[in-house]
Amino acid sequence: MSGAGGEPSRVAAEGRRADADALRADADALRPGADAPRPGADAPRPDAGTSENDAGRDELHTQLNDAGRDELYDRLHAYEGRPAATAGQGKDLVNEPMIRHWCEAMGDTSPAYRGPDAVAPPTMLQAWTMGGLSGHTDGTGRSAAYDEMFALLDGAGYTSVVATDCEQEYLRPLRPGDRITFDTVIESVSPRKTTKLGTGYFVTTRTNVQADGEPAGTHRFRILKYRPAQRTRGSEPARRPRPVINRDNAGFWAGVAEHRLLIQRCLDCATLRLPWLPGCNACGGAEWDTVEAGGEGTVFSHVVMHHPSFPAFAPDGEGGPYAVALVELAEGVRVVSNVIGVPYDKVRVGMPVHLDFLRTDPDLELPVFRASEGG
């Protein structure tokens, strides 16, 4: 089972031995036609960093009966022990190219993962079960029970998801040529919890992985299915970050205060440079003076910031999209700044712009570039 990103996942690789016969029996019990075992009372439940919700605050977010019982949790709890995927098959045999790509990405140079007797890094356990962008097309994808549980959460307003952590246990090494099969069970659903992200339920799945029919390991994967917390509008308007002013760039900001955009010029080779640096990056010369920019330029490249939201940067003050451009000045140097005067989706490469100064709050004024929609 693969998860969605938001906050980084943490792999707790315990690496302890387990009873292979018991694991094989557990996997067989998840096959169609068998009664799915219910997890024991010691199934992992997320508690750190969470607290019980205030019932009055969340009464619109969940179904509570007259006694204050969380009826949605009762329905979700019934899915514990039901299969999330059955008789899954890895899309590829364990193979050396994927092992090499993994090791290169992780910077793992262990000789155990190279050569004729190579094994796969143990932490690749989940990678061999993943369906990739095309998913599992052989009918071994997510079960109806898993989809039903997610539909129940979505219908109750818990539409956001973030992966929180995973745990792995290794029973034997995986070697090139091994054929991977797996079964996944919904191991536990937590009572309703409140986190900084919002209110929701932690869902833990357990995947039993086999290599050529022999138990190879288990992978527990936990997500939070949640309703995002409502953001409260602060009484003070959002402020832009303060620029870091030091002895290397103090002259630049002194020029901005006078509505002048100053460019450094090397006294040894006459190369212009912006942003300011303590030395010339062309010849290494340390002596310089300044040239005032005429203020004309063109958009060399640009991006539109959609997420995360920064109200202080957005024209509407609500954190909506805004344009950031790399502007090439007539003098030949380039500077990163905001483009104002046109909607963010009207900014284009080659658009002529001219220097302006924007007071974002009483003690901060910044150089920006103004364009016109007809430009």
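A DSSP coil position with no more than 11 other Cβ atoms inside 10 Å describes none of the chymotrypsin sites (Phe, Trp or Tyr not before Pro) in region 111-152. Normalised radius of gyration (Cα atoms, divided by 2.2 N^0.38 Å) for region 117-174: 1.52.
In order along region 339-350, the phi-based Karplus estimate (6.51 cos²θ - 1.76 cosθ + 1.60, θ = phi - 60°) of 3J(HN,Hα) comes to 9, 10, x, 9, x, 4, 7, 9, 5, 9, 5, x Hz; Gly and Pro are listed as x. Which of rounded, prolate or oblate describes region 141-285 when judged by the alpha-carbon gyration tensor and an a/c cut-off of 1.5? Oblate, since a/c reaches 1.5 and b/c is not below a/b. Computed extension length for ALA105-ASP361: 87.8 nm, one decimal, from 0.36 nm per residue of separation with the Cα-Cα distance subtracted.
Can you tell me how region 199-279 classifies by the Cα gyration tensor, rounded, prolate or oblate, using a/c under 1.5 as the rounded cut? Note, shape of region 199-279 comes out oblate.
Summarising the label geometry, the points placed 7 Å from Cα in the beta-carbon direction at VAL349 and VAL303 lie 1.6 nm from one another.
The calculated FRET efficiency for ASP268 paired with ARG247, based on their beta-carbon distance and R0 = 25 Å, is about 0.75. Residue exposure proxy: MET130, MET124, ordered by other Cβ atoms within 10 angstrom of their Cβ from fewest to most, comes out as MET130, MET124. Charged neighbours of VAL291, selected by a Cβ distance under 9 Å, balance to -2 (K, R count +1; D, E count -1). Packing, taken as the mean count of other beta carbons within 10 Å per residue, orders the peptides 256-268, 181-193, 238-250 from highest to lowest as 181-193, 256-268, 238-250. Taken as Cα centroids, region 125-184 and region 239-317 sit 49 Å apart, rounded to the nearest whole angstrom. The stretch between ASP289 and GLU258 holds 9.4 nm of extra length on full extension. This uses 0.36 nm per residue minus the Cα-Cα distance. How much net charge surrounds ARG175 when only the other residues with a Cβ under 12 Å from the Cβ of ARG175 are counted, with Lys and Arg +1 and Asp and Glu -1? My count for the surroundings of ARG175 gives -3. Size estimate for region 250-370 follows the Kirkwood approach: the inverse of mean 1/r over distinct Cα pairs works out to 15.4 Å. The overall shape of region 191-243 is oblate: from the C-alpha gyration tensor, with semi-axes ordered a ≥ b ≥ c, the ratio a/c is 1.5 or greater and a/b is no larger than b/c. Tally Lys/Arg at +1 and Asp/Glu at -1 over every other residue whose Cβ is under 11 Å from the Cβ of CYS280; what's the total? Net charge around CYS280: 0.
Computed from the coordinates by the stated procedures, all read-outs in this text should not be read as laboratory data. Treat the numbers as computed from the prediction; the structure is a model and nothing was measured. Don't worry about glycine lacking a Cβ; one is built from the backbone with ideal geometry, like all the others, and counts go over all protein chains shown.
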